[in-house]
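*Asks:* Below you'll find the structure I mean.
The values are calculated or read from the model by the stated rules, or taken from the named source; none is laboratory data. All of these numbers come straight from a predicted model, not from anything done at the bench. Note that we place each Cβ from the backbone using ideal geometry, even for glycine, and neighbour counts take in every protein chain shown.
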Amino acid sequence: MTLSVSPHDRAVFQESLADFLPDDIVDVHAHVWLRAFATGPTPMVRGAQWALAVADEQTPEVLADTYAALFPGRRVTPVLFGWPERYIDIAANNAWVAAQARQQSAPALCVSLPETPAETLDAIVQAGGFIGLKPYLEFAPRHLGPDEISSFDFLPRAHLEIASQRGWIIMLHLPRSRRLGDPLNLAQLVEIEQTYPGVQLIVAHLGRAYCPEDLGDAVAVLRRTERLAFDFSANTNAWVMTELLRTVGASRVLFGSDLPITRMRLRRECRQGTYVNLVPPGLYADVDADPHLVEVGAAETESLTFFLYEELLAMRQAVTTLRLPATAVEAIFATNARAMVARAHRSR
Ligand SMILES: [Zn+2]
């Protein structure tokens with residue numbers, strides 16, 4: 001599916017993003033996979049349902065085309081990883097990502113299954129030239145309910161142990177309905193930082209704190225941490241971004257796109273503490289079945305732009321609120337990620 005960029009989208013970029021984004025950008029959160037890796041219909045999906053409506057594959061070439069369309073005049077380097085779902089042949093996806101990453105000299109993470117023994121995982125990572133792991137809650141034991149899962153159910157301590165020795169990056173999508181503010185999530189983040197000092201942990205989507213209520217006591221807890229990093233992929237909440245930047249500083253916040261998901265057109269609102277994606281009518285199936293999707297009318301549709309642009313506009317607002325200098329913007333969009341990738345390469 002080629003991306004159609006409207007005059008309105010172009011105006012958003014030219015008027016609000018062109019003077020904000022640096023020339024060189026690293027995207028720490030990009031999924032690449034082929035629909036051929038799907039092994040059958042999905043037996044269970046724990047993640048957000050609406051995300052599946054956007055794309056059923058993304059090659060590095062399509063990703064590069066998307067960057068060219070959405071970031072005109074910028075050079076964007078991705079950190080690649082597969083599509084972490086149970087209906088995907090993960091071994092095949094990982095092997096393909098490794099080959100693609102080698103071809104493009106791009107860094108890549110290995111999608112990790114919790115049941116894989118640490119020595120086996122180490123061998124897969126070394127053979128594939130990966131610089132870290134992408135675990136996902138979908139791979140937690142099937143009998144666990146959404147609020148019974150903890151991060152260690154899909155990112156076992158044995159994997160953290162080897163990751164710490166190797167200096168790997170780990171891209172962690174937090175489980176549980178209270179998101180970043182969940183006390184167990186916060187306690188385990190602190191435990192990972194203290195017990196596995198070599199791990200370079202990136203908490204994806206700012207811990208899924210899409211609304212102010214999702215922060216809970218995160219600010220008080222995270223203020224005492226030193227290394228945990230956060231990507232703001234698929235997050236459009238400027239207030240949350242401001243709080244996180246204030247708490248951990250620009251050196252621990254990184255740009256991630258979560259493409260292809262953020263190719264979607266939407267505007268996100270918080271209603272009673274829950275996020276709602278306002279989307280164009282008829283574009284994404286199953287709107288009625290999903291409490292997070294609401295279709296807007298024709299007039300409002302005109303004002304919708306890409307999810308990715310909404311994410312970037314929110315970061316711009318946070319940076320403006322905090323009056324961060326250009327060096328901080330460069331850190332968020334490139335230098336923080338480069339330093340982490342370099343550290344992972346060095347310690348291998
Ligand atoms: Zn993702």
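Condition check ((1) surrounded by fewer than 19 Cβ atoms within 10 Å (Cβ to Cβ); (2) part of a helix (DSSP H, G or I); (3) among the hydroxyl-bearing types (Ser, Thr, Tyr); (4) in contact (Cβ under 8 Å) with a residue 12 or more places away in the chain) across all residues:
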site: 95; (1), (2), (3), (4): yes, yes, no, yes
site: 101; (1), (2), (3), (4): no, yes, no, yes
site: 122; (1), (2), (3), (4): yes, yes, no, yes
site: 141; (1), (2), (3), (4): yes, no, no, yes
site: 147; (1), (2), (3), (4): yes, no, no, yes
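*Asks:* A further question follows. Here is a check on your reading of the model: is residue 172 within 21 Å of residue 233 (Cα to Cα) and either touching a strand residue (DSSP E or B) at 6+ places or on another chain (Cβ under 7 Å) or not hydroxyl-bearing (Ser, Thr, Tyr) (or both)?
*Replies:* yes
*Asks:* Restrict the check to segment 201-212 and report whether at least one residue is over 19 Å from residue 343 (Cα atoms), surrounded by fewer than 18 Cβ atoms within 10 Å (Cβ to Cβ), without any contact (Cβ under 8 Å) to a residue 40 or more places away in the chain and away from the ligand (no atom under 16 Å from the Cβ).
*Replies:* Within segment 201-212, none of the residues are over 19 Å from residue 343 (Cα atoms), surrounded by fewer than 18 Cβ atoms within 10 Å (Cβ to Cβ), without any contact (Cβ under 8 Å) to a residue 40 or more places away in the chain and away from the ligand (no atom under 16 Å from the Cβ).
*Asks:* Would you mind stating whether residue 45 is at pLDDT 95 or above, within 16 Å of the ligand (Cβ to nearest atom) and out of contact with any Lys or Arg (no Cβ under 7 Å at 6 or more places or on another chain)?
*Replies:* Values: at pLDDT 95 or above: no; within 16 Å of the ligand (Cβ to nearest atom): yes; out of contact with any Lys or Arg (no Cβ under 7 Å at 6 or more places or on another chain): yes.
Spelling it out, it is not the case that residue 45 is at pLDDT 95 or above, within 16 Å of the ligand (Cβ to nearest atom) and out of contact with any Lys or Arg (no Cβ under 7 Å at 6 or more places or on another chain).
*Asks:* So how many residues does segment 270-282 have that are away from the ligand (no atom under 16 Å from the Cβ) and closer than 20 Å to residue 9 by Cβ?
*Replies:* Looking only at that region, the number is 5.
*Asks:* Scan 160, 155, 174 and give me the residue that is modelled with pLDDT of 95 or more, more than 22 Å from residue 27 (Cα to Cα) and either assigned to a loop (DSSP other than H, G, I, E, B) or within 16 Å of the ligand (Cβ to nearest atom) (or both). Please lay out each step first, then the result.
*Replies:* Details: 160 fails: either assigned to a loop (DSSP other than H, G, I, E, B) or within 16 Å of the ligand (Cβ to nearest atom) (or both); 174 fails: more than 22 Å from residue 27 (Cα to Cα).
The unique qualifying residue is 155.
*Asks:* Could you please give the count of residues in segment 259-317 that are among the small types (Gly, Ala, Ser), more than 25 Å from residue 180 (Cα to Cα) and crowded, with 20+ Cβ neighbours inside 10 Å?
*Replies:* First, the residues of segment 259-317 that are among the small types (Gly, Ala, Ser): 273, 282, 285, 289, 297-299, 303, 314.
Subsequent filtering for residues that are more than 25 Å from residue 180 (Cα to Cα) retains 282, 285, 289, 297-299, 303.
Restricting the remaining residues to those that are crowded, with 20+ Cβ neighbours inside 10 Å gives none.
Here the count works out to 0.
*Asks:* Still on this structure, I have one more. Which members of segment 249-265 meet the condition of being touching a His at 6+ places or on another chain (Cβ under 8 Å) and part of a loop (DSSP other than H, G, I, E, B)?
*Replies:* Residues satisfying the conditions are 256, 257, 258, 260.
*Asks:* So residue 108 clears everything in (1) over 22 Å from the mean Cα position of the chain (by Cα); (2) surrounded by 16 or more Cβ atoms within 10 Å (Cβ to Cβ); (3) not aromatic (Phe, Trp, Tyr) except one condition, right? Which one?
*Replies:* (1)
*Asks:* Looking for whichever is of a type outside the set (Lys, Arg) and modelled with pLDDT of 95 or more here; the options are 3, 52, 80. Which one fits? Working first, answer last.
*Replies:* On the way: 3 fails: modelled with pLDDT of 95 or more; 52 fails: modelled with pLDDT of 95 or more.
Checking each option against the conditions leaves just 80.
*Asks:* Can you find even one residue in segment 181-199 that is among the aliphatic types (A, V, I, L, M), farther than 21 Å from residue 115 by Cβ and surrounded by 24 or more Cβ atoms within 10 Å (Cβ to Cβ)? Give the derivation first.
*Replies:* First pass over segment 181-199, keeping only residues among the aliphatic types (A, V, I, L, M): 184, 186-187, 189-190, 192, 199.
Next, from what is left, pick out any that are farther than 21 Å from residue 115 by Cβ: 184, 186-187, 189-190.
When the remaining residues are screened for being surrounded by 24 or more Cβ atoms within 10 Å (Cβ to Cβ), the result is none.
No.
*Asks:* Right, another one. Collect the residues in segment 241-296 that are more than 24 Å from residue 213 (Cβ to Cβ) and among the acidic types (Asp, Glu), keeping them in residue-number order.
*Replies:* 286, 288, 295, listed by residue number.
*Asks:* Go through segment 222-248 and report how many residues are part of a helix (DSSP H, G or I) and over 14 Å from residue 332 (Cα atoms). Lay out the reasoning, then the answer.
*Replies:* Of all residues in segment 222-248, those part of a helix (DSSP H, G or I) come to 222, 238-248.
Checking the rest, the ones that are also over 14 Å from residue 332 (Cα atoms) come to 222, 238-240, 243, 247.
Adding up the residues that qualify gives 6.
*Asks:* Provide a single number: the residues in segment 9-38 that are in a helix (DSSP H, G or I), surrounded by 15 or more Cβ atoms within 10 Å (Cβ to Cβ) and at pLDDT 95 or above. I'd like the intermediate steps shown before the answer.
*Replies:* First, the residues of segment 9-38 that are in a helix (DSSP H, G or I): 9-17, 35-37.
If we keep only those that are surrounded by 15 or more Cβ atoms within 10 Å (Cβ to Cβ) too, we end up with 9, 12-13, 16-17, 37.
Retained after the next criterion (residues that are at pLDDT 95 or above): 9, 12-13, 16-17.
The qualifying residues number 5.
*Asks:* When the residues of segment 227-267 are filtered to those that are over 11 Å from the mean Cα position of the chain (by Cα) and among the small types (Gly, Ala, Ser), which remaining residue is nearest to the ligand (Cβ to nearest atom)?
*Replies:* Restricting to residues being over 11 Å from the mean Cα position of the chain (by Cα) and among the small types (Gly, Ala, Ser), the top hit is 229.
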